[in-house]
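I have placed the structure first, in the form of structure tokens, so that the comments after it can refer back to it.
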Amino acid sequence: MSLQSLVLNAPSNFRDLSEQVRSRVPMRARRLFRSDHLGDLDAQQAQRIQALGIRRVLDFRGEHERRSAACVVPGVSVHSLAIEPTIVQVLTDLRAAGHRLTPADVVGHMQDTYRGFVRQHTPRFAEFFAHLLASDEPTVFHCTAGKDRTGFAAALVLHALGASHEEVMRDYLLTNQRLKPPATAWRELPPEVAAVLWGVQSSFLEAAYEAVEREHGSMEAYLREGLGLRDAEQAQLQALYLER
């Protein structure tokens with residue numbers, strides 16, 4: 001049975017991380033999955049995800065996000081790697097101050113969010129890799145929409161496993177085809193603003209890369225010094241998640 005038929009497009013941004021890179025990077029299939037959150041599944045959907053053999057869930061959501069939509073997949077170990085969302089509060093404060101939001105405003109604040117992943121939340125992403133290095137049990141990592149915190153985590157994994165910049169970006173931008181926003185998402189915002197907020201753009205991820213270069217000199221140095229993936233850890237990661 002195919003992955004697509006197993007999950008029935010729910011959650012909509014759920015996918016095998018190996019999907020976009022296997023032509024060059026021989027990632028093991030059905031080992032690492034990225035997703036939007038796992039709290040709104042019905043029993044059948046949850047069981048179909050469980051049927052993929054998933055045993056570990058790594059959750060980047062903040063405290064309120066987790067409380068309001070706890071993981072419903074049975075038989076998994078859930079580990080919190082909390083990164084509190086900031087974009088919602090920033091935009092709420094701007095609107096409260098009477099600022100009329102434009103798409104350019106949201107792009108700028110999203111870029112700041114991604115820079116913050118590097119400048120403020122590198123320890124969380126180091127914890128993420130520590131879990132991945134502990135075992136190769138099938139794992140889902142996610143945040144709420146599976147696009148920003150999850151998107152940066154996916155980019156880091158793919159870089160560490162040898163994917164090219166183009167392959168990383170292809171996986172990242174696939175969210176724009178997969179993610180289905182809920183009917184009530186940001187309905188108080190102009191549609192053109194909500195569209196930016198609910199999607200991804202290459203400039204978001206590039207902002208994180210710029211922060212990596214500025215703070216660490218290169219992605220290779222960031223993996224080594226920021227995330228603790230020195231030669232031995234990178235070799236172990238490859239042994240766990242690449243086909244032998």
Starting from the amide H of L242, placed 1.01 Å from N in the peptide plane, find each other amide H under 5 Å away whose residue is 5 or more places distant or on another chain.
R28
Rolling a 1.4 angstrom probe over the protein heavy atoms, how many square angstrom per residue are accessible across the chain?
45
Protein chains only, probe 1.4 Å: how do E127, E188 rank by accessible area, largest first?
E188, E127
For the chain, give the share of DSSP beta bridges that are antiparallel, in percent and rounded to the nearest 5; count only bridges with both residues there.
20
Between Q44 and S77, what FRET efficiency follows from the Cβ-Cβ distance if R0 is 22 Å, with the result rounded to 0.05?
0.50
Taking all protein chains as present, what is the carbon and sulfur share of the accessible area of the chain, in % to the nearest whole number, probe 1.4 Å?
49
Spatial separation of Cα centroids for segment 209-235 and segment 88-141, in angstrom:
19
For the chain, what does -39500 (n - 2.57) per DSSP helix run (n ≥ 4), summed and divided by total residues, give at 222 nm, in deg cm²/dmol to the nearest 500?
-14000 deg cm²/dmol
log10 of Debye I(q)/I(0), alpha-carbon scatterers only, for segment 73-142 at 0.22, 0.27 Å⁻¹
-0.98, -1.22
If you split all Cα-Cα distances of the chain into 10 Å bins from zero, what percentages do you get per bin, shortest first?
7, 32, 38, 19, 4, 0
Can you give me the solvent accessible area of K180 with a 1.4 Å probe, rounded to the nearest 10 Å²?
140
Among V107, V90, V212, what's the order by accessible area (1.4 angstrom probe), most exposed first?
V90, V107, V212
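The values are calculated or read from the model by the stated rules, or taken from the named source; none is laboratory data. Please read all numbers here as calculations on a predicted model, not as lab measurements. Every residue, glycine as well, gets a Cβ built from its backbone with ideal geometry; the counts of neighbours run over all protein chains shown. Quick note on the areas: whole protein, heavy atoms, side chains included, nothing else; ligands and nucleic acids left out. Shrake-Rupley method; radii C 1.70, N 1.55, O 1.52, S 1.80 Å.
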